[in-house]
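The values are calculated or read from the model by the stated rules, or taken from the named source; none is laboratory data. Since this is a predicted model, take the numbers as computed values, not measurements. Positions of Cβ are backbone-derived with ideal geometry, glycine not excepted, and every protein chain shown enters the neighbour counts.
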Amino acid sequence: MRINALFLASLFVAASVQSAAARVNVHIDLGSQRMYVNSARGSYSWPVSTARAGYRTPRGVFSAKALQPMHYSAKYDNAPMPHSIFFNGGYAIHGTYATRALGRPASHGCVRLSPWNAARLYSMVRQEGATISISGRR
């Protein structure tokens, strides 16, 4: 009986480790304006744009709350937000067509990526889930 309990406990731990490892880990560094991604598909480092002066990108640890293949911002003139990954209220990681601004603060608070990288991240998060951490100073 005790061996069965130990066996079941070890299976539970193994399953927990596997499911935790399957999640996409996304880290956004506000200082360097870079996103670091680790997933079952590989590791990536991409330039991003976060909040410009007068706005803020929230810091902390979040999970992906909602995914939308194409969202239009009701707050900012129906601005397109392709491959949106919402993580904190109206804050999202999403693609941008303003790719020249990537690598420096330029948004109203969301985390912007190139359309190609946003599509890739969206696909990973949709399949694996995500833990999103944001730290650093602009």
Open item on the list: I'd like the full set of residues that are small (Gly, Ala, Ser) and modelled with pLDDT under 95, limited to the stretch 67-86.
Closed with: Ser73, Ala74, Ala79
TODO: With a cut-off of at least 3 residues that are under 22 Å from Ala98 (Cβ atoms) and modelled with pLDDT of 95 or more, name the strands (runs of 3 or more DSSP E) lying wholly within the stretch 17-63.
DONE: 24-29, 34-39, 42-47
Open item on the list: What pairs come out if I take residues in the stretch 102-129 that are in a helix (DSSP H, G or I) and pair them with residues that are among the charged types (D, E, K, R) whose C-beta lies under 8 Å away, six or more apart or interchain?
Closed with: Met124/Arg41; Glu128/Arg23
TODO: Starting from the stretch 26-48, keep only residues that are touching a residue at least 12 places away in the same chain (Cβ under 8 Å) and surrounded by 19 or more Cβ atoms within 10 Å (Cβ to Cβ), then list their pairs with residues that are in a strand (DSSP E or B) and of a type in the set (Ser, Thr, Tyr) whose Cβ atoms are within a distance under 6 Å, requiring at least 6 positions of separation or different chains.
DONE: Val37/Tyr44
Task: the stretch 72-98, residues that are over 17 Å from Thr57 (Cβ atoms) and either buried (at least 19 other Cβ atoms within 10 Å of the Cβ) or touching a Pro at 6+ places or on another chain (Cβ under 9 Å) (or both) - done: Tyr72, Pro82, His83, Tyr97
Task: Filter result for Phe12 (outside any loop (DSSP other than H, G, I, E, B) and at pLDDT 95 or above) - done: no
TODO: State whether the residues of the stretch 99-122 include one that is exposed (fewer than 14 other Cβ atoms within 10 Å of the Cβ) and farther than 24 Å from Arg23 by Cα.
DONE: yes
